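Below: one structure, written as structure tokens.
Readers should treat all values here as calculations from the given coordinates under stated rules, not as data from a laboratory. Note that the structure is predicted; figures quoted are calculated from it, not measured. Quick reminder, even Gly has a Cβ in these numbers, built from the backbone with ideal geometry, and neighbours come from all protein chains shown.
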Amino acid sequence: MRFIGNVIWLVLAGVWLAIEWMLIALVLTVLIVTIPFARQCVKLAHLSLWPMGRQVVHDPTATQFGAVGQVVWVVLAGWWLAVSHLILGVLQCVTIIGIPFGLQSFKLAGLALAPFGKRIVSRTDLRQSLATT
């Protein structure tokens, strides 16, 4: 079922959102100082392509980028990406079939505002790690 959901997501929204993330990553890479931001864009572009069955968790090994870095991120790219995901999520939630896709868009909108200190894992890996602890 996840596979079908991901394919539908890819056709309807995933490709365009990933292109948006990658274009912003390209701009941020050109600025050189903002390469850490570009790395987050690439990571989230990958999530935008295939989001079903994946979960975002706090990464305890990640370094804290700080409040200044978070503000710079929101000013440079976060707000634009969050607005596009929110608009897409609202449009997808118009139909009952689109609600799961809209929820994925809302998840990505939250990540667009605060992507640092997070890790993307599959839900099966998350369940296995929780079962062993």
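Sequence-ordered 3J(HN,Hα) estimates for the range 103-120 from the Karplus curve with 6.51, -1.76 and 1.60 and θ = phi - 60° stand at 5, 5, 5, 5, 4, 5, 5, x, 5, 5, 7, 8, x, 7, x, 10, 10, 9 Hz, glycine and proline given as x. Summarising the label geometry, the points placed 7 Å from Cα in the beta-carbon direction at VAL15 and LEU103 lie 2.7 nm from one another.
Once you charge only the Cβ atoms, +1 for Lys and Arg and -1 for Asp and Glu, what is the size of the charge dipole of the chain about its Cα centre, to the nearest 20 debye? I would put it at about 280 debye.
Phi angles across the range 5-15 convert, under the Karplus curve 6.51 cos²θ - 1.76 cosθ + 1.60 with θ = phi - 60°, into 3J(HN,Hα) values of x, 5, 5, 4, 4, 4, 6, 7, 9, x, 5 Hz, Gly and Pro given as x.
Put simply, the amide H of GLN55, placed in the peptide plane, has neighbours under 5 Å in VAL121, SER122, ARG123, leaving out anything fewer than 5 places away on its chain. Which label marks the calculated value of volume of the Cα convex hull per residue in Å³, given the options (i) 103; (ii) 122; (iii) 161? Only one listed value fits the structure, namely (i).
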